[in-house]
1. Quick check on my filter: what residues within the stretch 204-228 are part of a helix (DSSP H, G or I) and open to solvent by 50 Å² or more (accessible area, probe 1.4 Å)?
2. When the residues of the stretch 113-125 are filtered to those that are open to solvent by 60 Å² or more (accessible area, probe 1.4 Å) and part of a helix (DSSP H, G or I), which remaining residue is nearest to PHE200 (Cα to Cα)?
3. I'm told ASP235 meets every condition in (1) assigned to a loop (DSSP other than H, G, I, E, B); (2) modelled with pLDDT of 85 or more; (3) open to solvent by less than 60 Å² (accessible area, probe 1.4 Å) except one. Can you identify the failing condition by its number?
4. How do the pairs read when you match residues in the stretch 285-296 that are modelled with pLDDT under 70 and open to solvent by less than 60 Å² (accessible area, probe 1.4 Å) with residues anywhere that are of a type in the set (Asp, Glu) and in a helix (DSSP H, G or I), using Cβ under 9 Å and keeping only pairs 6 or more apart or on different chains?
5. Looking only at residues that are without any contact (Cβ under 8 Å) to a residue 60 or more places away in the chain and in a loop (DSSP other than H, G, I, E, B) in the stretch 132-155, which one is surrounded by the most Cβ atoms within 10 Å (Cβ to Cβ)?
6. Report, by residue number, each residue of the stretch 175-216 that is touching a residue at least 40 places away in the same chain (Cβ under 8 Å) and aromatic (Phe, Trp, Tyr).
7. Among the residues of the stretch 59-94, how many are in a helix (DSSP H, G or I), within 27 Å of TYR223 (Cβ to Cβ) and in contact (Cβ under 8 Å) with a residue 24 or more places away in the chain?
Amino acid sequence: MENSMQRVRHLKTVKAKNDRSLSEKTFVGFIYAFTGLFALICFLPFWLVAINSFAAESAIKRHGYQLIPKVFSLDAYRFLFHGRQVVSSYGVSLTVTVAGTVLAVLITAMYAYVLAHPKVKYRNVLAFLTYFTMIFGAGLVGFYILIANWLHLKDTLWALILPYLLNPFFAFIMVSFFRTLPYEINEAATVDGASDWTIFFRIIFPISKPVVATVALFYALQYWNDFFLALMFIDNYKLHPLQMMIRQLISNINISAYVGGNTAYTRPLPTYGVQLATVCVTIGPLIFLYPFIQKYFVKGITIGALKG
């Protein structure tokens with residue numbers, strides 16, 4: 001009797017495991033299918049931009065954007081690299097992004113360290129002023145007068161770098177990380193005779209790679225994708241970054257001055273193809289940047305989360 005009861009319980013247990021296993025497999029399969037479909041939907045616009053940049057202008061005008069163009073052509077890239085403006089805009093964007101990111105990360109990290117330091121007397125006042133700027137801005141007119149008339153930065157690369165050197169939101173991200181570091185590190189270094197500069201640059205900054213990499217990525221994206229500052233402060237088209245160049249191409253303003261230079265271009269202008277080709281050329285550095293900081297990015301974006 002006991003053997004039969006045990007056998008029945010065993011069969012029920014096996015059946016429950018099989019049912020649970022089947023439901024888990026169904027759920028996992030649904031998750032994979034949903035994730036794959038979502039990834040495909042996200043990838044589709046990039047594919048359309050990349051593949052149609054090699055399409056003939058006549059095919060785009062006749063059939064629109066296609067998954068596989070019927071006629072391929074390199075006219076858009078030939079026209080794009082016909083002049084020197086692409087190289088010049090690339091140099092401006094790279095210079096602004098690299099210099100701006102390095103300076104912005106250093107300034108933001110030092111400022112965030114001051115806000116997070118428990119022995120800084122007016123850190124709460126500084127934190128309030130920082131938070132206040134996130135809610136209320138100075139206005140576009142005052143901002144333009146400051147950069148163009150008072151600082152005289154119009155038509156200089158500093159006009160593209162200086163306004164973004166300190167982002168309050170990124171500063172608070174770093175503050176949250178610095179507050180997780182034990183203050184005993186500072187006390188031990190102070191006992192050994194280290195100054196505040198030494199503590200920050202030789203101890204705090206090296207162990208803050210996750211948050212530094214995350215904030216550096218945010219700053220790099222901000223500098224690389226920005227065209228608003230160039231639109232306001234840069235009149236010389238030779239100092240326009242890539243994003244400003246794309247904006248001008250999309251709006252069909254001065255397209256021959258941007259990519260044709262002073263040399264006559266005998267073929268019809270591949271307007272749509274040039275726009276797509278410019279986008280492909282622009283996103284190149286960002287694609288190569290992500291793999292190097294991916295290992296820090298996931299940890300960096302969870303900064304400040306509660307730990308169980």
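The values are calculated or read from the model by the stated rules, or taken from the named source; none is laboratory data. None of these values were measured; they are calculated from a predicted model. Ideal geometry is used to build each Cβ from the backbone, glycine not excepted, and the neighbour counts take in all protein chains shown. The area values use the complete protein model at the heavy-atom level, side chains included, leaving out ligands, DNA and RNA. Shrake-Rupley method; radii C 1.70, N 1.55, O 1.52, S 1.80 Å.
1. Once the filter is applied, which keeps residues that are part of a helix (DSSP H, G or I) and open to solvent by 50 Å² or more (accessible area, probe 1.4 Å), the stretch 204-228 yields PRO206, ILE207, LYS209, PHE218, GLN222, ASN225, PHE228.
2. So in the stretch 113-125, the residues open to solvent by 60 Å² or more (accessible area, probe 1.4 Å) come out as 118-119, 121-125.
Restricting the remaining residues to those that are part of a helix (DSSP H, G or I) gives 123-125.
Details: ARG123: 17, ASN124: 20, VAL125: 22 Å.
Applying the filter and picking the extreme gives ARG123.
3. Single failed check for ASP235: (3).
4. Listed pairs, sorted by first residue: none to list.
5. Only one residue fits best here, namely LEU151.
6. Of everything in the stretch 175-216, those that are touching a residue at least 40 places away in the same chain (Cβ under 8 Å) and aromatic (Phe, Trp, Tyr) turn out to be PHE177, PHE178, TYR183, PHE200, PHE205.
7. Step one: list which residues in the stretch 59-94 are in a helix (DSSP H, G or I), which gives 59-63, 75-80, 85-94.
Still in the running and within 27 Å of TYR223 (Cβ to Cβ): 76-77, 80, 85-94.
Retained after the next criterion (residues that are in contact (Cβ under 8 Å) with a residue 24 or more places away in the chain): 76-77, 80, 85-86, 88-90, 92-94.
Number satisfying all stated conditions: 11.
Okay, residues lined up against (1) in contact with a Lys or Arg (Cβ under 6 Å, 6 or more places away or on another chain); (2) basic (Lys, Arg); (3) open to solvent by less than 40 Å² (accessible area, probe 1.4 Å); (4) at pLDDT 85 or above:
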position: ILE31; (1), (2), (3), (4): no, no, no, yes
position: ALA39; (1), (2), (3), (4): no, no, no, yes
position: CYS42; (1), (2), (3), (4): no, no, no, yes
position: ALA56; (1), (2), (3), (4): no, no, yes, no
position: ARG62; (1), (2), (3), (4): no, yes, no, no
position: ASP75; (1), (2), (3), (4): no, no, no, no
position: PHE79; (1), (2), (3), (4): no, no, yes, no
